[in-house]
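Below is one structure, written out as structure tokens; the observations come after it.
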Amino acid sequence: MNYLLGASGHGLVVLDICQLQNIEINAFLDDGIKPPFFAGIPCYLTKAVLLFETDNILVTIGSNPIRKKIAESVPCSFLTAIHPTAVIDSTSTIGYGTTIMANAVVNANAHIGNHAIINTGAIVEHECKISNYVHISPNATLCGNVQVGEGTHIGAGAVVIPNILIGKGVIVGAGTVVIRNIPDNVMVVGNPGKIIKSLNNNI
């Protein structure tokens, strides 16, 4: 059985990608109160479904810490969803449980980790290294040889210049321009990007 875990707007987008890939989704799973169907697909409480190693899941939740917690708690294998309009260079590598959305670009020798989200129109340039549970938001641009630590969220429209190291558990605000390395567990906003506070991330 193939499941999407998270009945939400994000889940709707991922469902569309799976259908375009001819991946049959049998049901949504969600711990919240949902109707019997979501987007025409059966929807069940996660705790009501007995999952097996032979099942396949894609965690369709945008929050990096929650996505990690769920992914580490299920015994299943993981689906990977790549929109057919995404441009993925043949020398790049894409981890399991990852979603790459419409018109995203992943260029030469880039590495995308497990359970990452490369959102609509995002650009990940050559030789970038994106760790597990990272979310690159719509229209963000990571120039060449950028490294992004586990659980970091790059906001919509942010720009990261080449050769930058971004730590784990970082939030880069929408529209931020990152011109210097960023340590772990901080929030960065503005142009140029500045650290405005420390974060207590558990990623």
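Values as computed for the structure displayed
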| quantity | calculated |
| --- | --- |
| Unique match (being polar (S, T, N, Q) and surrounded by 20 or more Cβ atoms within 10 Å (Cβ to Cβ)) among THR98, THR120, THR85 | THR98 |
| Index of the failed condition, GLY97 passing every other in (1) closer than 26 Å to ASN139 by Cβ; (2) not in a loop (DSSP other than H, G, I, E, B) | (2) |
| Per-region count, segment 36-74, residues closer than 16 Å to ASN132 by Cα and among the charged types (D, E, K, R) | 4 |
| Residue count for segment 17-31, restricted to those that are over 19 Å from ILE136 (Cβ atoms) and either in contact (Cβ under 8 Å) with a residue 24 or more places away in the chain or in the same structural domain as ASN103 (by TED's automatic domain parsing) (or both) | 9 |
| Cross-chain or 6+ apart pairs with Cβ under 7 Å, segment 149-167 first and in the same structural domain as THR120 (by TED's automatic domain parsing), then at pLDDT below 95 and in a loop (DSSP other than H, G, I, E, B) | GLU150/ILE203; GLY151/ASN201; GLY151/ILE203 |
| Tabulated pairs, segment 119-145, first more than 18 Å from VAL177 (Cα to Cα) and touching a residue at least 40 places away in the same chain (Cβ under 8 Å), second basic (Lys, Arg) and surrounded by 22 or more Cβ atoms within 10 Å (Cβ to Cβ), C-beta under 8 angstrom, 6+ apart or interchain | TYR133/ARG67 |
| Given (1) over 27 Å from ASN139 (Cα atoms); (2) touching a Leu at 6+ places or on another chain (Cβ under 9 Å); (3) not polar (S, T, N, Q), number of the condition PHE78 does not satisfy | (1) |
| Single residue of ILE136, ILE123 found to be aliphatic (A, V, I, L, M) and over 18 Å from VAL189 (Cα atoms) | ILE123 |
| Contacts under 6 angstrom Cβ, first residue in segment 84-106 being within 15 Å of ASN119 (Cβ to Cβ), partner among the hydroxyl-bearing types (Ser, Thr, Tyr) and at pLDDT 95 or above, 6 or more apart | THR98/THR80; MET101/THR120; ALA102/THR85; ALA102/THR120; ASN103/THR85; VAL106/SER92 |
| Given (1) touching a strand residue (DSSP E or B) at 6+ places or on another chain (Cβ under 6 Å); (2) over 28 Å from ILE25 (Cα atoms); (3) surrounded by fewer than 17 Cβ atoms within 10 Å (Cβ to Cβ), index of the condition GLY167 fails | (3) |
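Yes/no matrix, rows are residues, columns are (1) assigned by TED's automatic domain parsing to the domain that holds ILE171; (2) over 26 Å from VAL159 (Cβ atoms); (3) in contact with a Phe, Trp or Tyr (Cβ under 8 Å, 6 or more places away or on another chain); (4) assigned to a loop (DSSP other than H, G, I, E, B):
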residue: PRO42; (1), (2), (3), (4): no, yes, yes, no
residue: LYS47; (1), (2), (3), (4): no, yes, no, no
residue: THR54; (1), (2), (3), (4): no, yes, no, yes
residue: SER73; (1), (2), (3), (4): no, yes, no, yes
residue: THR85; (1), (2), (3), (4): yes, no, no, yes
residue: THR91; (1), (2), (3), (4): yes, no, no, yes
residue: ALA102; (1), (2), (3), (4): yes, no, no, yes
residue: ASN109; (1), (2), (3), (4): yes, no, no, yes
residue: GLY121; (1), (2), (3), (4): yes, no, no, yes
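The values are calculated or read from the model by the stated rules, or taken from the named source; none is laboratory data. Since this is a predicted model, take the numbers as computed values, not measurements. Quick reminder, even Gly has a Cβ in these numbers, built from the backbone with ideal geometry, and neighbours come from all protein chains shown.
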